[in-house]
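Report on the structure given below.
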Amino acid sequence: MENLLPGIALVVLALAVWSSTGDRRSKTLERRLIRLENKVDLLLAHAGIEEPQDPRLAEIDELLVQGKKIQAIKLHRELTGSGLAEAKEAVERRAR
């Protein structure tokens with residue numbers, strides 16, 4: 001049993017290092033994606049082009065009119081594949 005402890009500790013340490021490296025990479029990629037999305041938004045605004053709307057997003061507006069914000073967030077996530085925070089923010093923007 002004593003011979004296994006250093007090996008187990010090494011495996012746990014390796015998994016921890018691997019996990020933190022992947023997390024940093026995903027955060028870096030997420031920041032880059034956000035910057036790119038902002039640039040595309042600026043280019044579209046400068047060119048006077050509106051982003052085409054998915055007709056299914058009208059369902060979200062209907063849910064908001066009915067006061068069903070949670071269902072609207074769920075639908076937004078289904079339609080766009082976005083995360084919870086992003087969908088909540090987008091639905092709140094639509095509600096204004």
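The values are calculated or read from the model by the stated rules, or taken from the named source; none is laboratory data. Note that the structure is a prediction, hence the values are computed from the model and not measured. Don't worry about glycine lacking a Cβ; one is built from the backbone with ideal geometry, like all the others, and counts go over all protein chains shown. What goes into the accessible areas is simple: the full protein's heavy atoms, side chains included, and nothing from ligands, DNA or RNA. Shrake-Rupley method; radii C 1.70, N 1.55, O 1.52, S 1.80 Å.
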**Prompt:** Do you know which residues across segment 41-96 are of a type in the set (V, I, T), open to solvent by 80 Å² or more (accessible area, probe 1.4 Å) and in contact (Cβ under 8 Å) with a residue 24 or more places away in the chain?
**Reply:** none
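Regarding A90, is this residue of a type in the set (G, A, S) and over 17 Å from the mean Cα position of the chain (by Cα)? Give the derivation first.
Numbers: of a type in the set (G, A, S): yes; over 17 Å from the mean Cα position of the chain (by Cα): no.
Answer is no for this residue.
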**Asked** Among (1) over 16 Å from the mean Cα position of the chain (by Cα); (2) hydrophobic (A, V, I, L, M, F, W, C); (3) open to solvent by less than 90 Å² (accessible area, probe 1.4 Å); (4) at pLDDT 90 or above, which single condition is V17 missing?
**Response** (4)
